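Heads up, the thing below is written out as structure tokens.
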Amino acid sequence: MTDRTGFFAHVRQTLGRGTLSSAQVEGLNRLLDAFAARRDLFDPRQQAYVLATAWHETGGRMQPVAENLNYSARGLIATFQNRFSAEEAKAYARQPQRIANRVYASRIGNGDEASGDGWRFRGRGLVQITGRRNYRIFGIESAPEKALDPETATRILINGMVSGAFSGARLSDYFRPGREDWLKARAIVNGRDKADLVAGYGRVFAEGLVTLRRDVGIAAE
């Protein structure tokens, strides 16, 4: 097995602030293993940006998560400005299932609020896919809970970023010979939201992958 000691030491001392949990290590190893099994994801910058995206989208957990929809009335108005009046926000507050059914109704392939699709196809995964249409794209429309399965979530994250299935933008648009754009790469998943933050994570992971490659080279000599 490839020696990843240097990689984990680097991530532990930077993003981990001195420590990484067993769940974080497990999640990172799962992604590194998935990279090694593919022939279309050999650019370490692309790998680093996948890792950075997972780190950001899971809050550093590196395990699949479900969208937190437990909003207060104030949170509903702030987050979904045009979807709730003050009175409606009070009526829906702290009811995640009702909130999901309301905010995701009649879009992203979902039925109306009464259909329950909003809750059934709420955000889940290492990068949160949302809506019946997106669950269908990744082959789990009939079993949406699979988005929380680690292997399935890993496949969705990588395939979506490589193919452009999330937004139309793909890893190779931003990382290829002669091109490197850590900021604009955020468009692969979520426009410009937190682009600086994710770019920073990406550069840290890229440094760690250099360490990993150096360790592999030393081991091979």
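The values are calculated or read from the model by the stated rules, or taken from the named source; none is laboratory data. Quick caveat, the model's predicted, so the values are computed rather than measured. For neighbour counting, all protein chains shown are included, and Cβ atoms are generated from backbone atoms with ideal geometry for every residue, glycine included. Surface areas here come from the heavy atoms of the whole protein model, side chains and all, with no ligands, DNA or RNA. Shrake-Rupley method; radii C 1.70, N 1.55, O 1.52, S 1.80 Å.
Pairs under 8 Å by beta carbon, first residue without any contact (Cβ under 8 Å) to a residue 60 or more places away in the chain and under 14 Å from Ala105 (Cα atoms) in segment 123-134, partner open to solvent by less than 40 Å² (accessible area, probe 1.4 Å) and part of a strand (DSSP E or B), six or more apart or different chains?
Gly123/Ile129
With the requirement that a residue be among the polar types (S, T, N, Q) and surrounded by fewer than 16 Cβ atoms within 10 Å (Cβ to Cβ), what does segment 79-102 give you?
Taking segment 79-102 and keeping what is among the polar types (S, T, N, Q), we get 79, 81-82, 85, 95, 97, 101.
Across segment 79-102, the qualifying residues are Thr79, Gln81, Asn82, Ser85, Gln95, Gln97.
Can you tell which of Ala34, Ala23, Ala105 is exposed (fewer than 14 other Cβ atoms within 10 Å of the Cβ), modelled with pLDDT of 95 or more and of a type in the set (A, V, I, L, M, F, W, C)?
Going through Ala34, Ala23, Ala105 in turn, just one is exposed (fewer than 14 other Cβ atoms within 10 Å of the Cβ), modelled with pLDDT of 95 or more and of a type in the set (A, V, I, L, M, F, W, C): Ala23.
Within segment 161-180, can one find any residue that is out of contact with any strand residue (DSSP E or B) (no Cβ under 9 Å at 6 or more places or on another chain), loosely packed, with under 15 Cβ neighbours inside 10 Å and among the basic types (Lys, Arg)?
Yes: segment 161-180 contains one or more residues that are out of contact with any strand residue (DSSP E or B) (no Cβ under 9 Å at 6 or more places or on another chain), loosely packed, with under 15 Cβ neighbours inside 10 Å and among the basic types (Lys, Arg).
Just name the residue that is modelled with the lowest pLDDT out of those in segment 181-221 that are over 19 Å from the mean Cα position of the chain (by Cα) and farther than 21 Å from Val25 by Cα.
Checked segment 181-221; the qualifying residue modelled with the lowest pLDDT is Glu221.
Could you list all residues from segment 181-199 that are open to solvent by 30 Å² or more (accessible area, probe 1.4 Å) and of a type outside the set (A, V, I, L, M)?
Listed by number, the residues that qualify are Asp181, Lys184, Asn190, Gly191, Arg192, Asp193, Lys194, Asp196.
If Asp43 satisfies all but one of (1) in contact with a Phe, Trp or Tyr (Cβ under 9 Å, 6 or more places away or on another chain); (2) under 20 Å from Thr211 (Cβ atoms); (3) without any contact (Cβ under 8 Å) to a residue 12 or more places away in the chain, what's the number of the condition it fails?
Only one criterion is unmet by Asp43, namely (3).
Step by step: first the residues of segment 51-78, then only those that are in a helix (DSSP H, G or I) and aliphatic (A, V, I, L, M), then the one that is surrounded by the fewest Cβ atoms within 10 Å (Cβ to Cβ). Which residue is that? Spell out the reasoning first.
Applying the first criterion (in a helix (DSSP H, G or I)) to segment 51-78 yields 51-57, 73-78.
With the extra rule that they be aliphatic (A, V, I, L, M), the set shrinks to 51-52, 54, 73, 76-78.
Numbers: Leu51: 26, Ala52: 24, Ala54: 28, Ala73: 17, Leu76: 24, Ile77: 19, Ala78: 11.
Once the filter is applied, the top-ranked residue is Ala78.
Contact list please: Cβ distance under 6 Å, first residue in segment 63-87 and in contact (Cβ under 8 Å) with a residue 40 or more places away in the chain, second residue among the polar types (S, T, N, Q), pairs at least six apart or on different chains.
Close Cβ pairs (under 6 Å, with a partner that is among the polar types (S, T, N, Q)) amount to Val65/Thr58; Glu67/Gln128.
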